[in-house]
Amino acid sequence: MGYPFKEIESKWRKRWEETRIYKTDFSRSENKCYTLVMFSYPSSDKLHLGHWFNYGPTDTWARFRRLRGYNVFEPMGFDSFGLPAENYAIKTGGHPQDITEENIRYIREQLKQIGAMYDWDHEVITSRPEYYKWTQWVFLQLYKAGLAYRANAPVNWCPSCNTVLANEQVVGDGRCERCDTPVTKRNLTQWFFKITAYADRLLNNLDKLDWPEKTKTMQRNWIGRSEGAEIDFRLADGSDRLIKVFTTRPDTLFGVTYMVLAPEHPLVEEITTPTQKAEVEQYVEATLRESEIERLFTEKEKTGVFTGAFAINPVNREKVPIWIADYVLMTYGTGAVMAVPGHDERDFEFATKFELPIRKVILEPGTEEDAPLTAAYTGEGTMIQSGPFSGMPSQEGREKIIQWLEEKGIGRRKVNYRMRDWLVSRQRYWGAPIPIVYCDRCGEVPVPEDQLPVELPYDVDFRPTGESPLQYHEGFKKTTCPRCQGPATREVDTMDTFVDSSWYFLRYFTPQLNEAPFDPDIVNRWCPVDKYVGGAEHATMHLLYARFINMVLYDLGHIAFEEPFTSLRHQGVIMGPDGQKMSKSLGNVVNPDDYLEKYGSDVFRCYLMFGFDYEMGGPWDDSGIASMDRYLNRVWRLFENCLWVFQEGNNYQEMGPDEEKLLKTLHRSIKGATIDVERFHFNTAISRLMELTNELYRYTGNRPREEQNAGLLKRVLEQFNIMLSAFAPHLGEELWERTGHAYSVFHQRWPEYDPKMLEEETVEYAIQINGKVRDKVVVPREASQEEIVQMALQAGRIPKLVDGKQIVKTIVVPNKLVNIVVK
């Protein structure tokens, strides 16, 4: 019979809830530890394995911190707006609100099974008006600061979800991250947040953060800062119309032989000549069906169409033809490029295919000026065929040409970013309404803060039309202008759900607060988050957006810290037993409920920590969970067999070799577990506890009770119990109570190790002769230098090697080596 985990786990969860043991005292912030996992999205009524792998081990870290004396706050909530609930409602005829609330009820109970230190009085649910009222408040702060604006722009469109996607939500080969449908482009009037205004700060602050280097690199690459020049090319038709291009290589400007516009560039329709119109329109239509990934694929054959128009190169007054091609994107730079086929690989391929001129203007070191180019040369060199700049090193020429362009007023130094402004409009119902109204007299008017929230109506008709269902709800759409009191219409788009999750960590402290989004006194003392844990897939979305919103609130004086998450850790992915990502279609989804029923929460969470590297994950193998079950049952039996130690004890107080070994194993385990848990190396931390378990069994199994040091054994078991409770909290509490201790084990302190107990009684020295290692010797740690030298001279083959030679001197490096100098 195993230990009664069902009874034990139910008992302690109830006790924790009744005693409110995990209630955090926010008045004490001197030793605070704000521990946060990325909250769950209730898209179904079940917690999957990934949730457990994220939440269970992080709770172990939080409990460890609590036991070490930190005042820990570990809240939980639900990121509950979003497309899946709305799509499910369309499919089943249900309502997103009802579906979401029902899922939350189920998942909340499942989360309690983990046995985490969540205080449910501090729960946040982003789809409830008391929360999204303040998401709308965040929008208004950006709007008032000039950081929220409306513009017509080409956007990513998912034809399956019938909504716009942010660039970050287009994944893989240009597919929707939600439904895997190929993404197309549409021109729509949308709301944007001006995240590009914060690009440099988002980039520079990364160096201050304790984040995985890979994640910081992903954000750096996504922001994509590049320095260069913006140059004006005037159309050759005599008009004042300009095409602005951004280039990082203004030193190649004399090599421009044609220009390329993105097919969706607004000038295309204006400049295309009548003879080219049909061909251009056909090409534009075909391009809109391609994803950005497809358009940028380097192996793809270059395609394009001549518009019939020309532009003037500002440095040499040459007329250059204007083409359109799908490899130029409206979403990067200006949507136009100056093509320098001699020094850009894509331009070279394009020019070769369409027989456009290729001109060499940068001379590669070690080559002849008149040698023909067989491929684009993209490196540095000497400028040639570049008018007054010829003969300059290309790096110097870049600066000189920018200066010349600025003097002439036809160009300017510029920093460009790959990152675009954050598109926050969504043509869906299940999201926070954008708090803007449109009035014929006043124009675009923000909803006053005292009129928030703008609530979602319940009675909507879900039509898969590509427009928000709010478009057809007259009661919602028709309103009064807050400025002139005349008739007005509401914005019917809702906000991207990443806006909801960009500030939620501020709300956890006071989720019932009605007068403000958060209490600045508590937030400024308890933030930033000390340890944030979640998936690496959020590197260029949630993690970037949350940093941006936090910086805006900091700049506006609402909070006193610039970055939201001081330290970040990612959990790995547990794959299906077949090594593939878990998927219902593959039939390889592992249901945690089956294992919880059979083994209980403590065994399950301990196996997740022991069986997998936390940052790597790996394929699921349930053969290991039975081993973890045997281990915790072994611990249970150990304490059952040692209850006498806590009850009657004995008078045996000898500290012989066996007692010394037990004590050393304890301190070695404390040190190892302390270091390993702190760095999220849970598998090796549990191994340390297993080593201690084995030594306890060896000690208690080798002698009768009257010859066991009960005082020592009691101390070791207590410290083992405290450490175990961080990993298996229900079992830890039960053992603490069964051994006669007062509630709760989590009011205790994590044990400290004694470095002296880890010192070995002997030390191994390498023996060198004239600097070369010849042998080694083990000596007592307390031996004097003279004794160490004498033992070294008598060790192994050393007597033979020094025989007949004069020993000039000996050098002892403590605890490392003995060097014998001979001649």
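The values are calculated or read from the model by the stated rules, or taken from the named source; none is laboratory data. Not measured: the values here are computed from a predicted model. Glycine gets a Cβ as well: all are built from the backbone with ideal geometry, and neighbour counts include every protein chain shown. In case anyone asks, the SASA skips ligands and DNA or RNA and just uses the protein heavy atoms, side chains included. Shrake-Rupley method; radii C 1.70, N 1.55, O 1.52, S 1.80 Å.
Under a point spin-label approximation (7 Å from Cα along Cα-to-Cβ), what is the Asn694-Arg679 distance to one decimal in nm?
According to this spin-label approximation, the distance is 2.2 nm.
Identify the chymotrypsin sites (Phe, Trp or Tyr not before Pro) of the range 736-782 meeting these criteria: DSSP loop state and at most 15 other C-beta atoms within 10 Å of the C-beta. Each step should come with its number before you reach the end.
On the way: sites: Trp736, Tyr743, Phe746, Tyr753, Tyr765; in loops: Tyr743, Tyr753.
Listed in order of number, the matching sites are Tyr743.
For the range 622-740, treating each Cα as an identical point scatterer without solvent, what Debye log10 I(q)/I(0) comes out at q = 0.23 1/Å?
-1.44
May I ask you to order 703-715, 532-544 by the average number of other C-beta atoms within 10 Å around their residues, highest value first? Numbers along the way, then the final one.
Numbers: 703-715: 16.3, 532-544: 19.8.
Ranked by mean Cβ neighbours within 10 Å, highest first: 532-544, 703-715.
Looking only at Cα atoms, what is the convex hull volume of the chain per residue, in Å³? Spell out each step's value before the answer.
Details: hull volume 206.5 nm³, N = 823.
Convex hull volume per residue, Cα atoms: 251 Å³.
First measure r as the distance between the Cβ atoms of Asp240 and Ser567, then evaluate 1/(1 + (r/R0)^6) with R0 = 56 Å and state the FRET efficiency to the nearest 0.05. All intermediate terms of the calculation are to be shown ahead of the outcome.
Values: r = 54 Å, r/R0 = 0.97.
My answer for the efficiency is 0.55.
Ranked highest first by average number of other Cβ atoms within 10 Å, how do 52-63, 307-318 line up? Walk me through the intermediate numbers first.
Details: 52-63: 24.7, 307-318: 18.4.
Highest mean packing first, the order is 52-63, 307-318.
What accessible area per residue comes out for the chain, rounded to a whole number of Å², with a 1.4 Å probe?
Working: 36050 Å² over 823 residues.
So the chain comes to 44 Å² accessible per residue, rounded to a whole number.
Can you pull the percent of Cα pairs in the range 367-449 with separation above 17 Å? Don't jump to the answer; show the numbers that get you there.
Details: 2473 of 3403 pairs.
Tail fraction, whole percent: 73.
Could you tell me the ratio Rg/Rh of the range 154-259? Both radii from Cα atoms, Rh via Kirkwood. Provide the component values of the computation, followed by the final result.
On the way: Rg = 18.8 Å, Rh = 17.6 Å.
Here the Rg-to-Rh quotient is 1.06.
What full-extension length gain, to one decimal in nm, is calculated for Asn770 and Asn205 as 0.36 nm per residue of separation minus the Cα-Cα distance? Don't skip to the answer; put the middle values down first.
Values: separation 565, 0.36 × 565 = 203.40 nm, distance 5.19 nm.
Gain on extension, Asn770 to Asn205, equals 198.2 nm.
If you stretched the chain out fully between Ser226 and Glu17, how much longer would it get, using 0.36 nm times the residue separation minus the C-alpha to C-alpha distance? Please list the in-between numbers first.
Working: separation 209, 0.36 × 209 = 75.24 nm, distance 5.40 nm.
Answer, rounded to one decimal: 69.8 nm.
Dipole magnitude of the chain about its Cα centre, charges +1 at Lys/Arg Cβ and -1 at Asp/Glu Cβ only, in debye to the nearest 20?
On the way: 100 positive and 119 negative charges, 264 e Å.
In debye, rounded to 20, the chain gives about 1260.
Among 253-260, 425-432, 489-496, 114-121, what's the highest-first ranking by average C-beta atoms within 10 angstrom per residue?
425-432, 253-260, 489-496, 114-121
For the chain, give the share of DSSP beta bridges that are antiparallel, in percent and rounded to the nearest 5; count only bridges with both residues there. Write out the running numbers ahead of the final one.
Working: 73 of 96 bridges.
Approximately 75 percent, going by the DSSP bridge assignments.
Here is the link list: Lys91/Lys133; Lys32/Lys112; Lys14/Lys214; Lys23/Lys756; Lys277/Lys302. Which ones come out longer than 32 Å on Cα distance? Let's see the in-between values first.
On the way: Lys91/Lys133 29 Å; Lys32/Lys112 23 Å; Lys14/Lys214 41 Å; Lys23/Lys756 38 Å; Lys277/Lys302 20 Å.
Among Lys91/Lys133; Lys32/Lys112; Lys14/Lys214; Lys23/Lys756; Lys277/Lys302, the Cα-Cα distance tops 32 Å for Lys14/Lys214; Lys23/Lys756.
Run the helix sum for the chain: -39,500 (n - 2.57) per DSSP H stretch of 4+ residues, divided by residue count, reported at 222 nm to the nearest 500 deg cm²/dmol. The partial results should precede the final answer.
Details: 27 runs with 302 residues, N = 823.
After summing the helix terms and dividing by residue count, I get -11000 deg cm²/dmol.
I need the calculated FRET efficiency for the pair Lys809 and Arg525, taking r as the beta carbon distance and R₀ as 56 Å, to the nearest 0.05.
Working: r = 62 Å, r/R0 = 1.11.
In this case the efficiency is close to 0.35.
Checking understanding here: applying a Kyte-Doolittle mean of at least -1.0 and a length along the axis of at least 24 Å (C-alpha), which whole DSSP H helices in the chain pass?
Answer set is 49-67, 623-641, 657-678, 682-701, 710-727.
Report the Stokes-Einstein translational diffusion coefficient (µm² s⁻¹, integer) for the range 405-535, Rh taken as the Kirkwood radius over Cα pairs, at 10 °C with viscosity 1.306 mPa s.
Values: Rh = 18.4 Å.
Stokes-Einstein gives a translational diffusion coefficient of 86 µm²/s.
For labels at Arg634 and Ala286 in the simple 7 Å Cα→Cβ model, what's the distance in nm?
Computed distance between label sites Arg634 and Ala286 equals 6.8 nm.
Net charge around Ser127, counting only other residues with Cβ within less than 15 Å of its Cβ (Lys, Arg = +1; Asp, Glu = -1)? Don't jump to the answer; show the numbers that get you there.
Numbers: positive: Arg105, Arg108, Arg128, Lys133, Arg426, Arg428, Arg507; negative: Asp79, Glu86, Asp98, Glu101, Glu102, Glu123, Glu130, Glu455, Asp496, Asp500.
With Lys, Arg at +1 and Asp, Glu at -1, the net is -3.
How far is it, in nm, from the label point at Thr189 to the one at Arg738 when both lie 7 Å from their Cα along the line to the Cβ?
7.0 nm
Using a Förster radius of 25 Å, what is the FRET efficiency between Glu761 and Arg703 based on their Cβ-Cβ separation? Nearest 0.05, please.
According to the calculation, E is roughly 0.65.
With a 1.4 Å probe and every protein chain kept in, tell me what percent of the accessible surface of the chain is carbon plus sulfur. Numbers along the way, then the final one.
Numbers: 17270 of 36050 Å².
Carbon and sulfur together cover 48 percent of it.
Under the 0.36 nm per residue contour assumption, what length would be gained going from the current alpha-carbon distance of Arg105 and Glu294 to full extension?
Details: separation 189, 0.36 × 189 = 68.04 nm, distance 4.25 nm.
Gain in length upon complete extension: 63.8 nm.
Can you run the Rg to Rh ratio on the range 531-657? Use alpha carbon positions and the Kirkwood inverse-distance Rh. Provide the component values of the computation, followed by the final result.
Working: Rg = 23.0 Å, Rh = 19.2 Å.
Reported Rg/Rh (Cα atoms, Kirkwood Rh): 1.20.
What Kirkwood radius, in Å to one decimal, follows from the Cα pairs of the range 1-135? Walk me through the numbers before you get to the answer.
On the way: mean 1/r = 0.0605 Å⁻¹.
Evaluated on the range 1-135, it is 16.5 Å.
Report the rotationally averaged projected area of the range 672-712 based on its alpha-carbon convex hull, in square nanometres. Write down the numbers at each step before the final one.
On the way: hull surface 12.9 nm².
In nm², the orientation-averaged hull projection of the range 672-712 is 3.2.
Rounded, prolate or oblate, given the Cα gyration tensor of the range 675-771, with a/c below 1.5 counting as rounded? Provide the component values of the computation, followed by the final result.
Working: a/c = 2.63, a/b = 1.56, b/c = 1.68.
Here the range 675-771 falls in the oblate category.
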